[in-house]
1. Could you tell me whether the range 2-11 includes any residue that is under 18 Å from Met70 (Cβ atoms) and among the aliphatic types (A, V, I, L, M)?
2. Would a scan of the range 178-188 turn up a residue that is in a helix (DSSP H, G or I), small (Gly, Ala, Ser), modelled with pLDDT of 85 or more and at negative phi?
3. Can you tell me which of (1) at pLDDT 85 or above; (2) open to solvent by 30 Å² or more (accessible area, probe 1.4 Å); (3) over 17 Å from Tyr156 (Cβ atoms) is the one Tyr200 doesn't meet?
4. Return yes when Asp72 is modelled with pLDDT under 90 and either in contact with a Gly (Cβ under 7 Å, 6 or more places away or on another chain) or acidic (Asp, Glu) (or both) and no when it is not.
5. Could you give every pair whose Cβ atoms fall below 9 Å, whose first residue belongs to the range 88-103 and is open to solvent by 80 Å² or more (accessible area, probe 1.4 Å), and whose second residue is modelled with pLDDT of 80 or more, counting only separations of at least 6 or pairs across chains?
6. For the range 134-150, check the following and say yes or no: at least one residue is modelled with pLDDT of 85 or more and farther than 26 Å from Ala238 by Cα.
7. Of the residues that sit in the range 79-131 and are modelled with pLDDT under 80 and not in a helix (DSSP H, G or I), which one is nearest to the chain's Cα centre (by Cα)?
8. Quick check: is even one residue across the range 18-41 modelled with pLDDT of 90 or more, over 40 Å from the mean Cα position of the chain (by Cα) and of a type in the set (Gly, Ala, Ser)?
Amino acid sequence: MRNGVTIGQAAAFVGVTVKTVRHYHKLRLVEEPERDSSGYRRYASADLLRLVQIRTLAQAGVPLAEIRPMLDGDAARFATALADVERQLTERIDELTARRDTLHRLADGDRTLLPDHAVALLQRMPGLGYTADEVAATRDGWVLAKALVPQGFDAYLTSFEHALQDTQLLALARRAADAVTWEPDDPRIAELATAAAEHYLADPVLLKTVTGLQARTDAAARYTLIAHHGEQQTPAAARLSALFETRLRAAGIRIPRPDPH
C-alpha cells in the first residue's frame with residue numbers, strides 16, 4: 001500500500017466504477033498515475049482526493065466539462081462557478097416543479113388545459129340544464145380558443161359567466177339545442193335567430209361572448225374555428241347560426257365571414 005492502490009481499489013474507495021475512473025482520465029479531469037515496476041498504475045492519496053472532488057461535484061450537478069477549470073482555478077473562480085451551477089440547478093428545479101404540478105393536474109383533465117375559472121364555469125353548466133355533450137363541446141371549444149387567442153380568453157370567461165346568470169339566454173339556448181332537429185326551412189329558425197340576436201344586442205356584456213375573441217383575431221379562419229367548434233352541423237343548425245350572424249352584422253357588429261376557399 002506504500003506505493004498506492006490499484007485502479008479497482010481506488011474506484012471502490014471513492015465510490016465509483018473503474019469505468020468511471022477511466023472516463024475521468026479520458027476527459028483529463030485527473031491524470032493517470034505512472035506505472036510501477038510491476039506494470040500497474042498506482043493511485044496515491046492525492047489522486048484519491050481528486051477523484052472524490054470530481055465525484056462530489058458531478059453528483060451535485062456540475063457538468064463534467066466544467067469540473068477541471070473549477071478544480072484548477074483559484075478560490076474566487078471556484079466560488080463563482082459554484083454559484084452559476086446553483087443558479088442552473090434552481091432553474092431546473094423550477095422546471096421540474098412545474099412539470100410535477102402539471103402531472104397533478106392530470107387528475108382533472110380540464111385543469112391541465114384550462115384555468116381554474118374556466119373549470120368552475122364548466123362545472124356549473126350541468127346544473128343549469130346543459131347536457132354532457134354541450135359541456136364537452138364547450139370545454140373543447142375553450143381549449144381551442146385559449147390556444148388560438150390567449151390574450152382575450154380571460155375577458156371572454158368573464159362575459160360567459162355573466163351569460164350563465166341570464167335566464168332568458170338559457171331559455172334561448174335550450175330552443176337552439178332543439179332546433180338542430182328541425183327542418184332547415186322551418187320558420188321558427190328565423191324567429192329564433194332574430195330573438196337571439198336582439199337579446200345579445202341589448203346586453204353589451206353578453207355580446208362580448210360573440211365579439212370578445214374575434215375582435216382580437218384578424219384571420220376569419222381562426223374566428224370560424226373557435227365560433228363554430230362543436231356545433232351540430234345539421235342543416236337547421238347551420239342556417240340558425242348563419243341567420244344569427246347576419247342579424248348581428250346588419251346591426252353593425254363585426255363578424256368575420258368564413259373564407260370561401
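1. No, the range 2-11 contains no residue that is under 18 Å from Met70 (Cβ atoms) and among the aliphatic types (A, V, I, L, M).
2. Within the range 178-188, one or more residues are in a helix (DSSP H, G or I), small (Gly, Ala, Ser), modelled with pLDDT of 85 or more and at negative phi.
3. Of the numbered conditions (1) at pLDDT 85 or above; (2) open to solvent by 30 Å² or more (accessible area, probe 1.4 Å); (3) over 17 Å from Tyr156 (Cβ atoms), the odd one out for Tyr200 is (3).
4. For Asp72, the condition - modelled with pLDDT under 90 and either in contact with a Gly (Cβ under 7 Å, 6 or more places away or on another chain) or acidic (Asp, Glu) (or both) - is met.
5. So the pair list comes out as Arg92/Gly61.
6. no
7. Leu106
8. no
The values are calculated or read from the model by the stated rules, or taken from the named source; none is laboratory data. These numbers were taken from a predicted model, which means no experiment stands behind them. Because the Cβ atoms are built from the backbone with ideal geometry, glycine has one as well, and the counts that use them run over all protein chains shown. The protein model used for the area step is the full one, side chains on, heavy atoms only, and it has no ligands, DNA or RNA in it. Shrake-Rupley method; radii C 1.70, N 1.55, O 1.52, S 1.80 Å.
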